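Have a look at the structure below before the remarks.
The values are calculated or read from the model by the stated rules, or taken from the named source; none is laboratory data. Keep in mind the model is a prediction, meaning the values are calculated, not measured. Note that each Cβ is placed from the backbone with ideal geometry, even for glycine, and that neighbours are counted across all protein chains shown. Remember, those area values only see protein heavy atoms, side chains included, never the ligands or the DNA or RNA. Shrake-Rupley method; radii C 1.70, N 1.55, O 1.52, S 1.80 Å.
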Amino acid sequence: MAMDMGCCGLRALSCLVVPALLLGCASKPDREVDPRDPLEPYNRAVFRFNMDFDKAFVQPIAKGYQKVTPESVDRGITNFFDNIADVTSAVNNVLQFKMSRAGSDVGRLFINSTVGVLGFIDVATNVGLPSYKEDFGQTLGYWGLEQGAYLVMPLLGPSSMRDALGMGGDIVTDPLISLREHEVRWVLLGAQVIDQRADLLTTTQIIEDASIDPYSFVRDAYLQRRQNLAYDGHPPTDESQPDFWDEVEF
């Protein structure tokens, strides 16, 4: 019995030590570390997991969905979820004191939910109400919080410290999350994930075919896009500004 317990203990210890050693080796790459990505060893491991999970489970479902769903229906489903996202966008535009944009979001929500049949038809864009799709990560950026370290989240994908904080606000203001009928909520959330993934199938293939290092490509594209969104296309260029995240040690 004692020998069996000893063997179990050794196996458990090896399960802890080996990954730690591998992570330690990975944390000292020969190339220069990107200052925006101090968590790169962890992020790359999660990135690989997400890619493998996506290829094994999500992509096949998304491809099947795309194959059996007519383009007009697919567009209608995308419009439906975009219409719901205007709720969160309106809240964030108010928090950023962008009242004209908030009015546009509310107008889009009203018109598309009525004339547009619950948002399946994007009537608002055709009458001149643009879509902004602000989120809480952008709101935090608007009020001066830097992006912080790049972060790849399991299953959720690319993010940053700022956007990870903002995700809490996005969840609270998402009408789908507040649905009391659990079955309906999870069906709609699942449909939203599959619809969004199907819309990105072509983009994923381009990244895999054209990029030598998909991880770096996705990271750089994500950080640049989020910075532009936070500052409405005019990000600051002064690198001397203090960064809140400088005080956080990783």
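Going residue by residue through the stretch 106-117, is there one that turns out to be more than 30 Å from Tyr142 (Cβ to Cβ), at pLDDT 95 or above and open to solvent by less than 20 Å² (accessible area, probe 1.4 Å)? Break it down stepwise before answering.
We begin by selecting, within the stretch 106-117, every residue more than 30 Å from Tyr142 (Cβ to Cβ); these are 114-115, 117.
Checking which are at pLDDT 95 or above leaves us with 114-115, 117.
Checking which are open to solvent by less than 20 Å² (accessible area, probe 1.4 Å) leaves us with none.
No, the stretch 106-117 contains no residue that is more than 30 Å from Tyr142 (Cβ to Cβ), at pLDDT 95 or above and open to solvent by less than 20 Å² (accessible area, probe 1.4 Å).
Can you name the number of the only condition in (1) closer than 22 Å to Ala85 by Cα; (2) open to solvent by less than 30 Å² (accessible area, probe 1.4 Å) that Ser211 fails?
With respect to (1) closer than 22 Å to Ala85 by Cα; (2) open to solvent by less than 30 Å² (accessible area, probe 1.4 Å), Ser211 is out only on (1).
Scan the stretch 221-250 for residues that are modelled with pLDDT of 75 or more, within 18 Å of Pro35 (Cβ to Cβ) and either in contact with a Lys or Arg (Cβ under 9 Å, 6 or more places away or on another chain) or part of a loop (DSSP other than H, G, I, E, B) (or both) and jot them down.
Just the residues of the stretch 221-250 that are modelled with pLDDT of 75 or more, to begin with: 221-235.
Imposing the further condition that a residue be within 18 Å of Pro35 (Cβ to Cβ) reduces the set to 221-224, 226-227, 235.
Selection gives Leu223, Arg226, Pro235.
Could you give every pair whose Cβ atoms fall below 8 Å, whose first residue belongs to the stretch 176-203 and is farther than 18 Å from Asp82 by Cα, and whose second residue is in a helix (DSSP H, G or I), counting only separations of at least 6 or pairs across chains?
Leu201/Gln59; Leu201/Ala62; Leu201/Lys63; Leu201/Gln66
In the stretch 50-165, which helices (runs of 4 or more DSSP H) lie fully inside it and hold 3 or more residues that are aliphatic (A, V, I, L, M), within 24 Å of the chain's Cα centre (by Cα) and closer than 24 Å to Gly190 by Cα? Outline the logic, then answer.
Values: elements: 59-68, 71-95, 99-114, 123-126, 136-142.
Counting at least 3 such residues, we get 71-95.
Quick one: which residue in Pro60, Pro19 is surrounded by fewer than 17 Cβ atoms within 10 Å (Cβ to Cβ), closer than 28 Å to Tyr215 by Cα and modelled with pLDDT under 95? Give the derivation first.
Details: Pro60 fails: modelled with pLDDT under 95.
Among Pro60, Pro19, only Pro19 is surrounded by fewer than 17 Cβ atoms within 10 Å (Cβ to Cβ), closer than 28 Å to Tyr215 by Cα and modelled with pLDDT under 95.
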